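This report refers to the structure that appears directly beneath it.
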Amino acid sequence: MYEDNILKDLWCIHILLICTLRGFIHQLWSSYNNMFFLTRNRWIKQQGVDFKQIDDEWDWDNFIILQAMLASMACLIFPSLNTLPLWNLKGFIASLLLHVTISEPLYYWAHRFFHKPYLFNHYHSLHHSSPVPHPFTAGHATPLEHLVLCTVIGIPITGSILMGYGSTAMIYGHVLVFDFFRCLGHSNAEVVPHEVFNKLPLLRYFIYTPTYHSLHHTEMETNFCLFMPLFDALGSTLNTKSLELHKKITSNSGKNGRVPDFVFLAHVVDIMSAMHAPFALRSFASTPFCMRMFLLPFWPLTFIIMLVMWGWSKTFLFSFYNLRGRLHQTWVVPRFGFQYFLPFATKGINKHIEEAILRADRMGVKVISLAALNK
């Protein structure tokens, strides 16, 4: 088909682009969750994601492949999909209405059924096996659950097309917004300020928060909704602690952070190793470092980030773990290895190291250890 007429079969390119964008959305949310220097004061669960969870969620993107296959089948069975217009505002309105009236209640009841003993033990328990919610957790489920999600996400798109309001932009928009909110709900860092719900009380029934969905993972007989807590309120499954916990996490931001017992003051080694930071690529950060040739195209971008860090960045929290009840944190001086050998950079590096040590002392850190070049 490609050799015959590429312009006729643009659906191949559209599916590839949508899959790429979906993966990119999940990656951006993952990066944000792992930027502890930004999110540490809004963590919902204080423990970190361990290596077992990373291994278990390694194939989190299988659902994207599954839905790409189903979309390809639909395009082959219904060639008229190739003639959809680029834009139709009515299609966005129709898909939104179908989502609210059909997809939301359908998912709510399907989710409740998945918490019945048989379905939970054989299927849904896999999703709940991740101790700490993470954007990749959204895709960590069994094929049966992903097929249900395909139905939930497909009804508004199919319905809009059958009504004659379908468009390419509507398909892109619906799928990508759906993934965005799925990632938001599985974020371990709260992003929705509680003041929004104080000013617009009804909004709490129309959009969920990471705190709201996190309560579902801890108290599993509540908060079953897809994106709209309204259906939990109607089904009497809304967790009454949701709003209070959300307010506590957002209003106490920066006040209740635990002081680390031990701090290791590290530095960046080189540009290639910088791409293996947890907030860059989580899977790479969980394995021993090795050179990956396909990362070379990203070298110029990382080099630019290095220059930005040189000019404006401060020492930041990089990673943490708990060992025998003690909190260990790794702080990073925003300097790369080669900069330590530049005579004109010495003063600035020493200033960063001194400020980090004094800051740790003010916080009450018991022990601080310096990486090789920081000594």
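The values are calculated or read from the model by the stated rules, or taken from the named source; none is laboratory data. Computed from a predicted structure; not experimentally measured. Neighbour counts run over all protein chains shown; Cβ positions are idealised from the backbone, glycine included. The area values use the complete protein model at the heavy-atom level, side chains included, leaving out ligands, DNA and RNA. Shrake-Rupley method; radii C 1.70, N 1.55, O 1.52, S 1.80 Å.
Yes or no: region 218-237 includes at least one residue that is polar (S, T, N, Q), outside the structural domain of TRP109 (by the TED database) and touching a residue at least 24 places away in the same chain (Cβ under 8 Å).
Keep residues of region 218-237 that are polar (S, T, N, Q), which gives 218, 222-223, 236-237.
Checking which are outside the structural domain of TRP109 (by the TED database) leaves us with none.
No, every residue in region 218-237 fails to be polar (S, T, N, Q), outside the structural domain of TRP109 (by the TED database) and touching a residue at least 24 places away in the same chain (Cβ under 8 Å).
To keep it simple, each residue is scored yes or no on (1) surrounded by 15 or more Cβ atoms within 10 Å (Cβ to Cβ); (2) in a helix (DSSP H, G or I); (3) of a type in the set (Asp, Glu).
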| residue | (1), (2), (3) |
| --- | --- |
| SER80 | no, yes, no |
| LEU97 | no, yes, no |
| HIS127 | yes, yes, no |
| ILE153 | yes, yes, no |
| GLY166 | yes, no, no |
| ALA169 | yes, yes, no |
| PHE178 | yes, yes, no |
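Tally time: how many residues in region 204-224 are in contact with a Phe, Trp or Tyr (Cβ under 6 Å, 6 or more places away or on another chain) and part of a helix (DSSP H, G or I)?
The number of residues fulfilling the criteria is 1.
For (1) under 23 Å from ASP179 (Cβ atoms); (2) touching a Cys at 6+ places or on another chain (Cβ under 9 Å); (3) at pLDDT below 95; (4) among the acidic types (Asp, Glu), each residue gets a yes or a no:
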| residue | (1), (2), (3), (4) |
| --- | --- |
| MET35 | yes, no, no, no |
| TRP60 | yes, no, no, no |
| ILE64 | yes, yes, no, no |
| LEU76 | no, no, yes, no |
| ASN82 | no, yes, yes, no |
| VAL100 | yes, no, no, no |
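Going through region 129-144 one residue at a time, which ones are open to solvent by 20 Å² or more (accessible area, probe 1.4 Å) and assigned to a helix (DSSP H, G or I)?
Correct list: PRO143, LEU144.
Considering only residues of region 339-363 that are open to solvent by 40 Å² or more (accessible area, probe 1.4 Å) and within 34 Å of the chain's Cα centre (by Cα), which is nearest to ALA266 (Cα to Cα)?
ILE357
Could you check THR237 against (1) outside any loop (DSSP other than H, G, I, E, B); (2) of a type outside the set (Asp, Glu); (3) in contact with a Lys or Arg (Cβ under 9 Å, 6 or more places away or on another chain) and say which number it fails?
THR237 satisfies all of (1) outside any loop (DSSP other than H, G, I, E, B); (2) of a type outside the set (Asp, Glu); (3) in contact with a Lys or Arg (Cβ under 9 Å, 6 or more places away or on another chain) except (1).
In region 66-78, which residues are without any contact (Cβ under 8 Å) to a residue 24 or more places away in the chain and in a helix (DSSP H, G or I)? Quick ask: steps written out before the conclusion?
Initially, region 66-78 is screened for residues without any contact (Cβ under 8 Å) to a residue 24 or more places away in the chain, giving 69, 73-74, 76-78.
Once the filter is applied, which keeps residues that are without any contact (Cβ under 8 Å) to a residue 24 or more places away in the chain and in a helix (DSSP H, G or I), region 66-78 yields MET69, MET73, ALA74, LEU76, ILE77.
Can you pull out the residues in region 274-291 that are more than 23 Å from ASP56 (Cβ to Cβ) and open to solvent by 30 Å² or more (accessible area, probe 1.4 Å)? If you could, list the steps in order and put the result at the bottom.
Here is the first cut: in region 274-291, the ones more than 23 Å from ASP56 (Cβ to Cβ) are 274-275, 291.
Scanning region 274-291 gives a single hit, MET291.
So VAL263 fits all but one of (1) within 30 Å of PHE24 (Cβ to Cβ); (2) surrounded by 21 or more Cβ atoms within 10 Å (Cβ to Cβ); (3) not small (Gly, Ala, Ser); what number is the exception?
For VAL263, the exception is condition (1).
Which residues, counting only those in region 318-336, are among the aliphatic types (A, V, I, L, M) and either open to solvent by less than 20 Å² (accessible area, probe 1.4 Å) or in contact with a helix residue (DSSP H, G or I) (Cβ under 9 Å, 6 or more places away or on another chain) (or both)?
Answer for region 318-336, where residues must be among the aliphatic types (A, V, I, L, M) and either open to solvent by less than 20 Å² (accessible area, probe 1.4 Å) or in contact with a helix residue (DSSP H, G or I) (Cβ under 9 Å, 6 or more places away or on another chain) (or both): LEU327, VAL332, VAL333.
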